[in-house]
Amino acid sequence: MTYRIAPSILSADFAKLGEEVSNVIASGADWIHFDVMDNHYVPNLTIGPLVCEAIRPYTTAPIDVHLMVKPVDRIVPDFAKAGANVITFHPDASDHVDRTLGLIRDSGCQAGLVFNPATPLNWMDYVMDKLDVVLLMSVNPGFGGQSFIPGTLDKLREARAKIDAYAERSGRKILLEIDGGVKVGNIAEIARAGADTFVAGSAVFGASKDSDPQRYNSVIGELRGALAGV
Ligand code: DX5
Ligand code: ZN
C-alpha cells in the first residue's frame, strides 16, 4: 500500500505561503491540499485560483484542490489553468455531477467527489468510471482544527469495499482520501479502515514554529512511522 500525506495549507502561514509549500514538501509531504471556501457553500472564505497560480512555482508536487464552493463548474477551468492537478468537489454543490466530473477531466486534471459526514456514498455508484479520487470528510467542512468524527471509520470501510469491488471489475484504482482531524495518534486506525491519502492541516502546520526549512520533518516522519505499523 502506498500512502500519501497531503498537508492542508489552510493551517499554514498565509503571509509566507510559497515558502510554507516548499518547506512542507522538503519535509517529506506528497501532495499540497488546497482548501477553497466561498462563504456560501461553507461558512468561511479562503483562497482562489490566483493563490493557486502563485504557489505553483514553489513545488512540482501535485496540488490537490478541494472545492467547497457552489456552483462548481464556473471555477473549474480557472483552477486547471492555475496549475491544479487534482480537483474534488461536493456532489450536493453541483446540479450535474457527471458533467462536472467530465469538465474536470477535460481540463486535464484528476477528478474526485467529496462526501460530508452526512452525505451518502451512493452518489459515487454511477460515476465510478469518472472518478480518480474519493474524499471523505471526517469533520464538517469549513474550518481546520476540528476533531475527527469517529463514525467516519465505518464509512471508510464501506467506501473501501466499493472502490475495491470496482478495481476488481475494471482494473482501475481510485484513491481514498480522508480530510479532517487526522493526527499522529489516529492516522494508523484511519489507514486500517481503508484510507490511502491523508489530509492533515493543523497537525502538520501547527507542529513547529521554528525557521528551519525542514521544520515539518519530524511530524511528517511521525505520521509515516504510524503508517508503517499498519
Ligand atoms: C476543512 C478542510 C480541511 C482542513 C483540515 O473544511 O477541508 O482540509 O484544513 O484541517 P485539520 O487537519 O486541522 O482538521
Ligand atoms: Zn480539505
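Nothing in this text is a laboratory measurement; each read-out follows from the coordinates by a stated rule. Since this is a predicted model, take the numbers as computed values, not measurements. Methodologically, a virtual Cβ is constructed for each residue, glycine included, from the backbone with ideal geometry; neighbour enumeration extends over all protein chains shown.
Quick one: work out Rg over Rh on the C-alpha atoms of the range 117-169, Rh as Kirkwood radius.
Checking Rg against Rh, the ratio lands at 1.00.
Taking every alpha carbon pair in the range 59-105, what does the distance histogram look like in 5 angstrom bins from 0, in percent?
Histogramming the range 59-105 at 5 Å steps yields 5, 23, 36, 22, 9, 4, 1 percent.
Can you give me the convex hull volume of the Cα atoms of the range 36-75, divided per residue and expressed in Å³?
For the range 36-75, the hull spanned by Cα atoms encloses 70 Å³ per residue.
Give, as ranges by residue number, the residues of the range 1-27 whose backbone N falls under 20 Å from the point 7 Å along Cα→Cβ of D212.
Counting backbone N atoms under 20 Å from the label point, the list is 7, 12-13, 19-27.
Of the listed peptides 112-118, 48-54, what is their order by residue-averaged count of other C-beta atoms within 10 Å, with the highest listed first?
Result, highest mean Cβ count within 10 Å first: 112-118, 48-54.
Would you check the chain for Lys pairs whose C-alpha atoms are within less than 17 Å, ignoring same-chain pairs closer than 8 in sequence, and give me the count?
Value for the chain: 4.
Please list, in order along the range 118-132, the HN-Hα scalar couplings obtained from phi with the Karplus expression 6.51 cos²θ - 1.76 cosθ + 1.60 (θ = phi - 60°), rounded to whole Hz, x for Gly and Pro.
9, 7, x, 6, 5, 4, 8, 4, 9, 10, 3, 5, 9, 9, 9
Per-residue ellipticity at 222 nm for the chain, helices alone: DSSP H runs ≥ 4 residues times -39500 (n - 2.57), over residue total, nearest 500 deg cm²/dmol?
-9000 deg cm²/dmol
Counting other C-beta atoms within 10 Å, and keeping those with at most 14, which DSSP coil trypsin sites (Lys or Arg not before Pro) do you find in the range 72-177?
Hits after loop and neighbour filter: R172, K173.
For the range 91-132, what number results from the quotient of the Cα radius of gyration and 2.2 N^0.38 Å?
For the range 91-132, the normalised Cα radius of gyration is 1.10.
Per 5 Å bin, what is the whole-percent P(r) computed from every C-alpha pair distance within the range 7-67?
Percent of Cα pairs in each bin: 4, 18, 34, 25, 11, 6, 1.
Full-extension gain between D125 and E189, please, as 0.36 nm times their residue separation minus the C-alpha to C-alpha distance.
Roughly 20.5 nm would be gained on extension.
Can you give the FRET efficiency to the nearest 0.05 for A228 and A54, using r as the Cβ-Cβ distance and R₀ = 35 Å?
Rounded to the nearest 0.05, the efficiency is 0.50.
Can you list residues from other chains, or at least 5 along the same chain, whose modelled amide H is less than 5 Å from the amide H of F115?
The list, which skips near neighbours in sequence, is L135, L136, M137.
If Rh is defined by the Kirkwood formula over all Cα pairs and Rg also comes from Cα, what ratio Rg/Rh do you get for the range 167-230?
Taking Rg over the Kirkwood Rh, I get 1.08.
Translational diffusion coefficient, Stokes-Einstein: compute it for the chain using the Kirkwood radius over C-alpha pairs as Rh, at 20 °C and 1.002 mPa s, and state it as an integer in µm² s⁻¹.
123
Subtract the Cα-Cα distance of L45 and D95 from 0.36 nm times their separation in residues, and report this length gain in nm to one decimal.
Residue separation times 0.36 nm, minus the Cα-Cα distance, leaves 15.8 nm.
Can you give the log10 of the normalised intensity I(q)/I(0) at q = 0.13, 0.18, 0.21, 0.23 Å⁻¹, computed with Debye over equal Cα scatterers of the range 84-214?
Log-scaled intensity ratios, in q order: -0.56, -1.00, -1.26, -1.42.
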